[in-house]
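Let me begin by presenting the structure, written as structure tokens, before commenting on it.
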Amino acid sequence: MLPAPAGRYTRSVGRQLRITAGSVSATASLDDSPTAREIWDALPIEAKVETWGDEIYFSIPVTLKEDGAREVVELGDLGYWPPGRAFCVFFGPTPVSRRGEIRPASAVNVFGRVEGDPTVLRTVRAGTRVRLERVENSEPRPRA
């Protein structure tokens, strides 16, 4: 997993999901935020992808408010965009990014991160079917 800047990503609690869009697949770890828990509880989810620069996003059946929302994200971050009820994956600059940053259209709740190289998602085109599903044996670990 890519290291996260301090304060940007809460420790993973063992939940992982698989993102499959056409022939592309990536695994992501979720943090322990309320956003991550709500999305986890809604899985599996299927939708059609939209693209916006180096971001894929799609509507999901989850309605949440901003919770520690960020206007700038990191490579590989998973975000929930409250205005569009959308799941977002960031793998590079968007049309509103400034030099050296990744900027969503507006603030998103960051709730996880793609493991490995998130740029594999660059080949995914708008209209591609995407499926989010739980990775087996990745249920939250009991707290001590």
Could you please report the charge total around residue 100, scoring K, R as +1 and D, E as -1 over all other residues with beta-carbon less than 14 angstrom from its beta-carbon? 0
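Counting pairs of alpha carbon atoms under 8 Å apart in space and at least six apart in sequence, what relative contact order in percent does the range 16-134 give? If you can, show how the numbers build up before the last one.
Working: 279 pairs, mean separation 46.2, N = 119.
Once normalised by length, the contact order is 39 percent.
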Helical contribution to [θ] at 222 nm, DSSP H n ≥ 4, -39,500 (n - 2.57), averaged over the chain, rounded to 500: -2000 deg cm²/dmol
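What Kirkwood hydrodynamic radius, in Å, does the chain give when the mean of 1/r is taken over all pairs of distinct Cα atoms and then inverted? Can you show the working numbers first?
Details: mean 1/r = 0.0670 Å⁻¹.
After inverting the mean inverse Cα-Cα distance, the result is 14.9 Å.
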Compute the separation of the alpha-carbon centres of the range 9-80 and the range 99-123 and state it in Å as a whole number. 10 Å
What's the longest uninterrupted piece of the chain once you rule out the trypsin sites (Lys or Arg not before Pro) that are loop residues per DSSP with at most 13 other Cβ within 10 Å? 12-64
Only Lys, Arg, Asp and Glu count, each charged at its Cβ (+1, +1, -1, -1), so figure out the dipole size of the chain about its Cα centre, rounded to 20 debye. 80 debye
Scoring only Lys, Arg, Asp and Glu (+1, +1, -1, -1) among other residues with Cβ under 11 Å from the Cβ of residue 41 yields +2
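Bear in mind these aren't lab numbers, they're just calculated from the coordinates by the rules spelled out. Please read these numbers as outputs of a predicted model, since none were measured by experiment. Positions of Cβ are backbone-derived with ideal geometry, glycine not excepted, and every protein chain shown enters the neighbour counts.
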